[in-house]
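The values are calculated or read from the model by the stated rules, or taken from the named source; none is laboratory data. This is a predicted model, so every value here is computed, not measured. Neighbour counts run over all protein chains shown; Cβ positions are idealised from the backbone, glycine included.
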Amino acid sequence: MVDFKEYLDKINEKNNDKVIFVVDTLWVTYGQSSGTTSYMPNIKAYLTDNKDDEHYDSIVPKLLKFSHSNKPLKSNSSTKLFEIPFYELNQNGRSYDIWGGDIKPIKKYYITITEEKNTIVNIFTNKNEAINWIKYSK
């Protein structure tokens with residue numbers, strides 16, 4: 001039998017959160033319709049964990065945790081690139097394919113997570129644009 005402390009350590013050891021985009025909302029999700037969201041009608045705006053910045057969003061630490069426990073598509077010393085699925089709005093109680101359902105993403109977005117003094121998150125609709133961001137953000 002596993003004691004409670006070992007159980008908590010095991011849960012915290014692996015981050016099973018997924019990052020997805022649904023219509024105009026960024027999700028760090030741990031289950032269908034469960035998780036933390038950030039409404040992003042303008043994906044060209046960046047997000048940061050700097051509370052003094054107008055682009056501060058409390059989702060950024062969760063994205064940073066995600067970046068530490070998942071393999072990026074590409075990275076440099078401070079920035080990691082991840083591909084995230086873009087879904088249409090869930091209707092009629094159906095599930096997204098990442099949770100075993102039949103709703104497939106309609107396209108891919110690309111998210112860069114830069115970890116320096118503050119964490120900065122950018123979203124791109126084009127993979128080449130995101131890769132260029134990494135190349136020039138050294």
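Only one of the listed residues (LEU73, LEU89) is over 16 Å from LYS18 (Cβ atoms) and of a type in the set (A, V, I, L, M, F, W, C). That residue is LEU89. Screening THR79, THR48, THR37 for residues that are free of Cβ contacts under 8 Å to residues at least 40 places away in the same chain and either surrounded by 14 or more Cβ atoms within 10 Å (Cβ to Cβ) or more than 20 Å from GLU129 (Cα to Cα) (or both) leaves exactly one candidate, THR37.
For the stretch 117-131, which residues satisfy the criterion of being touching a strand residue (DSSP E or B) at 6+ places or on another chain (Cβ under 9 Å) and more than 21 Å from TYR39 (Cα to Cα)?
Step one: list which residues in the stretch 117-131 are touching a strand residue (DSSP E or B) at 6+ places or on another chain (Cβ under 9 Å), which gives 118-127, 129-131.
If the condition is that a residue be touching a strand residue (DSSP E or B) at 6+ places or on another chain (Cβ under 9 Å) and more than 21 Å from TYR39 (Cα to Cα), then LYS127, GLU129, ILE131 are the ones that fit.
As a summary of the residue check, ASP57 satisfies the conditions (1) loosely packed, with under 15 Cβ neighbours inside 10 Å; (2) at pLDDT 95 or above; (3) among the acidic types (Asp, Glu) except for the one numbered (1). When residues in the stretch 14-55 are screened for being touching a Ser or Thr at 6+ places or on another chain (Cβ under 6 Å) and within 19 Å of ASN118 (Cβ to Cβ), 4 of them pass. A single entry from GLY35, GLY93 fulfils the requirement of being outside any strand (DSSP E or B), small (Gly, Ala, Ser) and either in contact with a helix residue (DSSP H, G or I) (Cβ under 6 Å, 6 or more places away or on another chain) or at pLDDT below 95 (or both): GLY93.
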